[in-house]
Amino acid sequence: MRFTLDFYKRSLIDSIYNNHVRIVEKYRISRSVSLPNVLSTIDAINNQLVQTSKRLQTQIDQLESHIKTFNERTEPLGNILRTLQRNDSNWIVLREFVYADSVKISLYELYDPSSVKTADQLEKVLINLGYKVTKSNEYDAQMTFLGKRISSVSMEGRR
């Protein structure tokens with residue numbers, strides 16, 4: 001028997017057909033299909049995958065852009081909320097918290113007179129974030145039985 005190109009093609013297709021049934025089914029390879037047809041099918045599938053990957057990359061880029069914009073918009077909110085965390089010397093009850101184009105915060109604070117009030121820290125944070133802050137202390141009274149002070153503060157920040 002002469003070893004011709006057709007012999008090698010047929011041997012390759014027979015080998016794929018016998019050993020790799022999934023490939024045969026997926027790419028619809030039969031013993032009578034010529035190798036160039038199989039290659040063109042694989043090339044077409046590859047081109048489809050390339051186009052799909054380009055579309056997916058575009059969507060990923062858009063999502064990354066949205067996430068970055070969201071993080072930049074909410075970073076000031078994170079700074080404000082970290083300032084409002086309770087600690088052992090200051091206790092806070094929020095009456096009102098509005099975060100939109102402007103910030104409005106009303107709170108009650110039970111604080112140790114020897115420590116810095118959370119309301120004062122919050123005012124500094126808002127100023128550092130570029131807000132013009134209007135603050136009003138509604139009351140600030142001594143609570144003799146606890147050795148602490150209680151205050152009610154409202155502040156509004158605008159850019």
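The values are calculated or read from the model by the stated rules, or taken from the named source; none is laboratory data. Because the structure is predicted, anything quoted here is derived from the model rather than measured. We place every Cβ from the backbone using ideal geometry, glycine too, and count neighbours over all the protein chains shown.
A quick yes/no check of all residues on (1) under 39 Å from the mean Cα position of the chain (by Cα); (2) at pLDDT 90 or above; (3) surrounded by fewer than 16 Cβ atoms within 10 Å (Cβ to Cβ); (4) of a type in the set (Lys, Arg):
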position: GLU123; (1), (2), (3), (4): yes, yes, no, no
position: LEU126; (1), (2), (3), (4): yes, yes, no, no
position: LYS132; (1), (2), (3), (4): yes, yes, yes, yes
position: ASN137; (1), (2), (3), (4): yes, yes, yes, no
position: LEU146; (1), (2), (3), (4): no, no, yes, no
position: GLY157; (1), (2), (3), (4): yes, yes, no, no
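Every residue, every condition in (1) in contact with a Ser or Thr (Cβ under 6 Å, 6 or more places away or on another chain); (2) free of Cβ contacts under 8 Å to residues at least 24 places away in the same chain; (3) small (Gly, Ala, Ser); (4) not in a helix (DSSP H, G or I), yes or no:
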| site | (1), (2), (3), (4) |
| --- | --- |
| ASP88 | no, yes, no, yes |
| ILE105 | no, no, no, yes |
| PRO113 | no, no, no, yes |
| SER154 | yes, no, yes, yes |
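Residue selection: GLN57 satisfies the criterion of being in a helix (DSSP H, G or I), surrounded by 10 or more Cβ atoms within 10 Å (Cβ to Cβ) and modelled with pLDDT of 90 or more. Across the range 98-121, the qualifying residues are those that are within 18 Å of THR74 (Cα to Cα) and β-branched (Val, Ile, Thr), and the one among them that is surrounded by the fewest Cβ atoms within 10 Å (Cβ to Cβ) is VAL98. Select from the range 91-103 the residues that are part of a strand (DSSP E or B) and in contact with a Lys or Arg (Cβ under 7 Å, 6 or more places away or on another chain) and write down the one among them that is nearest to ILE150 (Cα to Cα). The selected residue is ILE92.
Of all residues in the range 87-103, those that are within 22 Å of ARG158 (Cβ to Cβ) and over 26 Å from the mean Cα position of the chain (by Cα) total 3.
With respect to (1) modelled with pLDDT under 90; (2) exposed (fewer than 11 other Cβ atoms within 10 Å of the Cβ), the lone exception for LEU84 is condition (2). Would you confirm, using the coordinates I've provided, whether ARG95 is surrounded by 10 or more Cβ atoms within 10 Å (Cβ to Cβ) and among the basic types (Lys, Arg)? When the stated conditions are applied, ARG95 passes them.
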